[in-house]
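Student: The structure under discussion is supplied below as structure tokens; questions concerning it will follow.
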Amino acid sequence: MAESNQRDLEVDELTVEDDISPIPMSTTSPPEIDSAAHDHVASAPSVQTDQSNTSGMSSPSLSEKPLLNLAIVPVNVRKATPRSHTPNFFTPLGSPIRRAIQLTKFDPQDAWLPITESRNGNAYYAAFHTLCSGIGIPALVLPVSFTILGWTWGIISLTVAFIWQLYTLWLLVKLHESKETGMRYSRYLQLFSSTFGDKMGKIFAVFPIYYLSGGTCVALIIVGGSSMKLFYEMLCGHDCTSKPLTTVEWYLVFACAAVVLSQLPNLNSIAGVSLIGAITAIGYSTIMWVVAVTEGRLDGVSYDPIRENSNTAMIFSVLNALGIIAFAFKGHNLTLEIQATMPSSDKKPSHVPMWRGVKFAYLLIALCLFPLAIGGYWAYGHKIPPNGGMLTAIYQFHGRDTSTFILALTSLFIIINAVSSFQIFGMPMFDDMESKYITRMNKPCPWWLRSISRAMFGFGCFFMAVAIPFLGSFAGLIGGIAIPITFAYPCFLWLKIKKPKKYSFMWLLNWGLGLSGTALSIILIAAGIYVVIDTGIQVSFFKPQ
């Protein structure tokens, strides 16, 4: 009996095996532990974990080991004896100790990747990132869609699209973490592949997700470089004698600025950059619709919807208008990544501050997009330039009667927003490149390799912008492939993961929106192919305009 009591008191000789199975979050309050158990925790081997010590969520690993749990080792080895076959259960004393010190930790690889390297984000950071990624050049073309749809259907379509994509964004925010499994899905592709399988992920998700990141970075180089050229010409004036840079050289200047800024290590570190990008996006959007409205309507403006010669052409024009509205809403491929920068626990889940930041961001996005579409169409009507939309109209119609300062400030805002947006859209690509090294070498990516890889990506985007300047002709076709990321996939993910009751409201709503988003994608792909065949494409490699 004495020997049995002595064994019970020797808590410091307990050992716990490593367990890599997912462990649900504990909702019980941690009991007090004695000093001997505390010494055990202090002596546990160091493991790189989540930035938040209160986190109870775990993150799927890229090496297919979802969790890495800490092992308790004995401090007092007076009578320690090797145990080669520790049973796979915990003693009544070991279980509360394990719950108290929360052994479920993030995989070390997450602490080495730029998206999840820092988890001290908050609602403000979420708002900054969402604003920076949610407003862009595609929004400036919204008045073009009204020339085909007219006032009534234009406003209805824009409102429905806004509510639709805001709802799917809410779905993604809620799906980021699971209380049942304790998992956090920090990347869109991880959530999709975990839900539908790796094969389905490679077929349906890899290309649209990476296109929205890489393709957007290429477009930003084109827009930013062209705006730099225009900004220089306005500052220099008509009597400037200096030899201006060529378009390609301006692309290179912008790419160099983007590459230098891309050396910031992780997603949280660019929160200030995203704030500047968000402010400038709101700035140039507001300037454009205010100038358009204050200058008044152009002479001879008509609001009658444009009619085509044939029914087929008319159908594809309407589809093109719907595609313009759909393309204006982007950034869903970054939602889970932004939320991954926040700490999360069972009492303070990350979806609460994330949704708070998203609601504020989309209030400002609505205050930018709706005035742009409605004010621009009111001022220019069917005269709105189809290529460039408001960006072209403000220089074409008001270049002489608007102060040079306002025009130059608009170009400067576009440049700053483009170089800022490049960082957040490029971050998933940086994360993917570094994950390949980390998975293979099982150690953090060195700073010099990180710098080289990001520079290669930036200049690779520059090469694509120069080599294939007609890539924008395929925007409708490729954009149709990327639409499900925003309008369809979140609905199917909710149905698969949450399993709402059959024929319930959520079941019907998500099936309806998911199938509608898929159908819209297929129709827009068909329309893109038709436009390419019908109008043709002027192929001119290495000849940017």
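The values are calculated or read from the model by the stated rules, or taken from the named source; none is laboratory data. Given the structure is predicted, the values throughout are model-derived calculations rather than measurements. Note: ideal-geometry Cβ built from the backbone for every residue, glycine included; neighbour counts use all protein chains shown. Each accessible area value is taken on the protein alone, full model and side chains, heavy atoms only, with ligands, DNA and RNA left out. Shrake-Rupley method; radii C 1.70, N 1.55, O 1.52, S 1.80 Å.
Student: What spacing in nm lies between the two simple spin-label points modelled at Q263 and T392, each 7 Å away from Cα in the Cβ direction?
Tutor: For the pair Q263/T392, the computed spacing is 3.9 nm.
Student: While we're here: Dividing the Cα convex hull volume of segment 390-430 by residue count, how many Å³ per residue is that?
Tutor: Looking at segment 390-430, the number lands at 56 Å³ per residue.
Student: Please give the FRET efficiency for K496 paired with T404, using the beta carbon to beta carbon distance and R0 = 45 Å, rounded to the nearest 0.05.
Tutor: Values: r = 55 Å, r/R0 = 1.23.
The pair K496/T404 has a calculated efficiency of 0.20.
Student: Please say if segment 355-449 is rounded, prolate or oblate, where rounded means a/c under 1.5 for a ≥ b ≥ c the square roots of the C-alpha gyration tensor eigenvalues, and otherwise the choice is prolate for a/b larger than b/c and oblate otherwise? Each step should come with its number before you reach the end.
Tutor: Values: a/c = 3.17, a/b = 2.23, b/c = 1.42.
Because a/c hits 1.5 or more and a/b exceeds b/c, segment 355-449 counts as prolate.
Student: Which percent of the accessible area of segment 181-311 is formed by carbon and sulfur heavy atoms (probe 1.4 angstrom)?
Tutor: That fraction is 64 percent.
Student: While we're looking at this one, here's another question. Quick one: Cα centre-to-centre distance for segment 136-159 and segment 202-256, in angstrom?
Tutor: The distance from the Cα centre of segment 136-159 to that of segment 202-256 comes to 25 Å.
Student: While we're looking at this one, here's another question. Hey, what's segment 298-454 come to in accessible area per residue, 1.4 Å probe, Å²?
Tutor: Accessible area per residue, segment 298-454: 43 Å².
Student: Subtracting the Cα-Cα distance from 0.36 nm times the residue separation, let me have the gained length for V293 to R307 in nm, one decimal.
Tutor: Details: separation 14, 0.36 × 14 = 5.04 nm, distance 2.60 nm.
Fully extending the segment from V293 to R307 adds 2.4 nm.
Student: Still on this structure, I have one more. Taking H placed 1.01 Å from N in the peptide plane, check which residues at least 5 places from M183 or on another chain put their amide H under 5 Å from its amide H.
Tutor: S58, S178
Student: So which of K359/K436; K202/K229; K436/K498; K199/K359; K179/K501 end up more than 28 Å apart, counting from Cα to Cα? Write out the running numbers ahead of the final one.
Tutor: Working: K359/K436 35 Å; K202/K229 39 Å; K436/K498 31 Å; K199/K359 34 Å; K179/K501 19 Å.
K359/K436; K202/K229; K436/K498; K199/K359, as the Cα separations exceed 28 Å there.
Student: Next question, about the same structure. What distance in nm separates the simple spin-label points at L166 and A526, each placed 7 Å from Cα in the Cβ direction?
Tutor: 3.2
Student: Averaging sequence separations of C-alpha pairs under 8 Å and six or more residues apart, then dividing by the length of segment 208-317, give the relative contact order as a whole percent.
Tutor: 20
Student: So, one more: For a Förster distance of 25 Å, can you work out the FRET efficiency between the beta-carbons of S451 and I276, rounded to the nearest 0.05?
Tutor: For S451 and I276, the calculated efficiency is 0.65.
Student: Could you tell me the accessible area of D401 in Å² (1.4 Å probe, neighbours in place), rounded to the nearest ten?
Tutor: 90
Student: Taking θ = phi - 60°, what integer Hz values does the Karplus form 6.51 cos²θ - 1.76 cosθ + 1.60 yield along segment 488-502, in sequence order, with x for Gly and Pro?
Tutor: 10, 4, x, 5, 5, 4, 5, 5, 6, 8, 7, 6, x, 4, 4
Student: Please report the net charge: other residues with Cβ closer than 12 Å to the Cβ of P428, K and R +1, D and E -1.
Tutor: Details: positive: R187; negative: E337, D431, D432, E434.
With Lys, Arg at +1 and Asp, Glu at -1, the neighbours total -3.
Student: With +1 on each Lys and Arg Cβ and -1 on each Asp and Glu Cβ, how big is the dipole of segment 308-369 about its Cα centre, in debye rounded to the nearest 20?
Tutor: Magnitude of the dipole: close to 360 debye.
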